[in-house]
Structures are given as structure tokens and as C-alpha cells.
Amino acid sequence: MPTTSKSPLSKKETIELKDRLLDERKDLEAQFQELEESTFSANQSEMTGEMGFDEEYADAGTATFEREKDLSLVNNIRDLMERIDKALAKIDEGTYGLCDRCGKPIEKLRLKALPYANLCLKDKQAEERVR
Ligand SMILES: [Zn+2]
């Protein structure tokens, strides 16, 4: 990655986005904890096995579905937290706002809409086409 590119953002803008990233991270952490607790208590009540076999069987489908939904939510949150952490690390390194792939500055509007964006619009679109 070329190191000559400069962040497209001014110092002030970077600080603003950093604040937003930190706020968002706090929110995600709270959500994450809530979900973990609810997943945990769901497992607990299951283990006490108060329901009869038939009822439990009938209920298993929905319970599994609920838990899978929770798990994918947890994964989403974890994924976002990772992206935020990476963005924060890049702010500290002074490489924030540069595309991970081509090293060019990411569009300013894009960063303001998505402070943890790590690819410029062109590379992001290219990536989505591959998937
Ligand atoms: Zn790029």
C-alpha cells in the first residue's frame, strides 16, 4: 500500500468521527452483553427441563430459530466491533480514511455515512460483485 496518500479528513473531522466510532462501540458492547445474557438464560431454563418431552419437541424448532437469530446478531455485532476497532487503530496510526485495497483516500461523504468504512467506493463495489 502506498504510504504517500494522506487521510482525506482534517484533524477536526477525524476527531469527530473517532467520537462517533467510540460511541457506536459503546452501544454495540451494551447490545452484545444483553444478547449474551439472554442467550445464557435461555440455555439455563432449557437445562432445568421443566417441559415434558412432547412439548419440548414441539418447541425446539422455535427455540433453535430464536437462538440462531441471536447468534447471527451476536456475530454481526462482533463483526462491527472489529471493524470499529480497526478504524480506531488506523486513526492512531494516521492511516484512517485510506482504502485498505488501493491506499487511496476514501470518499469523505462515505466516511461520514460509515465511519468504519475500510474500502473506497470503487473497491467496495468490486468486492460486492465478487461475492
Ligand atoms: Zn480503493
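Determine whether segment 39-56 contains at least one residue that is at pLDDT 85 or above and either open to solvent by 70 Å² or more (accessible area, probe 1.4 Å) or over 30 Å from Pro105 (Cβ atoms) (or both).
There is no residue in segment 39-56 that is at pLDDT 85 or above and either open to solvent by 70 Å² or more (accessible area, probe 1.4 Å) or over 30 Å from Pro105 (Cβ atoms) (or both).
State the number of residues belonging to segment 112-130 that are part of a loop (DSSP other than H, G, I, E, B) and near the ligand (Cβ under 9 Å from one of its atoms).
2
Please go through segment 75-102 and give me each residue that is at pLDDT 95 or above and among the small types (Gly, Ala, Ser), ordered by number.
Ala87, Ala89, Gly97
Here is a list: Leu80, Leu109, Leu98. Which entry is surrounded by 16 or more Cβ atoms within 10 Å (Cβ to Cβ) and within 16 Å of the ligand (Cβ to nearest atom)?
Unique residue meeting the criteria: Leu98.
Among the residues of segment 90-131, write down those that are without any contact (Cβ under 8 Å) to a residue 60 or more places away in the chain, within 15 Å of the chain's Cα centre (by Cα) and closer than 12 Å to Lys18 by Cα.
Leu114
Can you tell me which residue among Lys86, Lys90 is within 16 Å of the ligand (Cβ to nearest atom), open to solvent by 80 Å² or more (accessible area, probe 1.4 Å) and either assigned to a helix (DSSP H, G or I) or out of contact with any Phe, Trp or Tyr (no Cβ under 8 Å at 6 or more places or on another chain) (or both)?
Answer to the selection: Lys86.
The values are calculated or read from the model by the stated rules, or taken from the named source; none is laboratory data. Source: prediction; values computed, not measured. For neighbour counting, all protein chains shown are included, and Cβ atoms are generated from backbone atoms with ideal geometry for every residue, glycine included. Note: accessible area is taken over every heavy atom of the protein model, side chains too, but ligands, DNA and RNA are not part of it. Shrake-Rupley method; radii C 1.70, N 1.55, O 1.52, S 1.80 Å.
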